[in-house]
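The structure appears below as structure tokens.
The values are calculated or read from the model by the stated rules, or taken from the named source; none is laboratory data. Worth saying up front: this structure is predicted, and the values here are computed from it rather than measured. Glycine also receives a Cβ, built like all others from the backbone with ideal geometry; neighbour counts cover every protein chain displayed. Please note that ligands, DNA and RNA were not included when accessible areas were found on the heavy atoms of the full protein model with its side chains. Shrake-Rupley method; radii C 1.70, N 1.55, O 1.52, S 1.80 Å.
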Amino acid sequence: MEGLAREEIIKELKERWKMLWRERIDDKVRAEGIADKDYSVLFVERGTVIFATRDFRPLSFREVLELNGVVDVDRVVPPSPCVGGWGRFIRTVIASQNRDRRVSETRRFLEGRKKRQHLKKGGRGWLHMQV
């Protein structure tokens, strides 16, 4: 029963979070987004700056879940790309393996090949035709 209540809380928080971002007021002069309503569940009041371009700490859904007492937040929200996660794992581990493999295969291919001689007449061939 406790798991169902937890899922309902998470579902409601996600809906409110989406609504917050969808129904914000965009101030193009100051380049910021402002909340248009009170979202007490998300701990956001009306008029709170949601995002801005300079000197701003963005809202975090992870923090909202923690403040609402949701246990095991890591299952609900994936880690940030700058901290880690699948994207960073792929960039750091898998992509570097592929690059190293390609370099070694290219070197092996070039070592097994015969070196070419210089072309006579700059690559135009051996025929001496007058045009």
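Yes/no per residue for (1) open to solvent by less than 90 Å² (accessible area, probe 1.4 Å); (2) not in a helix (DSSP H, G or I):
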residue	(1), (2)
M19	yes, no
V29	no, yes
D36	yes, yes
F51	yes, yes
F56	yes, yes
R62	yes, no
P78	no, yes
Q97	no, no
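The residues in region 1-31 that are touching a Leu at 6+ places or on another chain (Cβ under 7 Å) and over 27 Å from D72 (Cβ atoms) can be counted, and the count is 0. Applying the set (1) surrounded by 13 or more Cβ atoms within 10 Å (Cβ to Cβ); (2) over 22 Å from P79 (Cα atoms); (3) more than 22 Å from the chain's Cα centre (by Cα) to N68 leaves exactly one unmet item: (2).
Taking residues in region 3-16 that are within 16 Å of L42 (Cβ to Cβ), and partners anywhere that are in a helix (DSSP H, G or I) and β-branched (V, I, T), the pairs with Cβ atoms closer than 8 Å and at least 6 places apart or on different chains are E12/V41; L13/V41; L13/V64; R16/V41.
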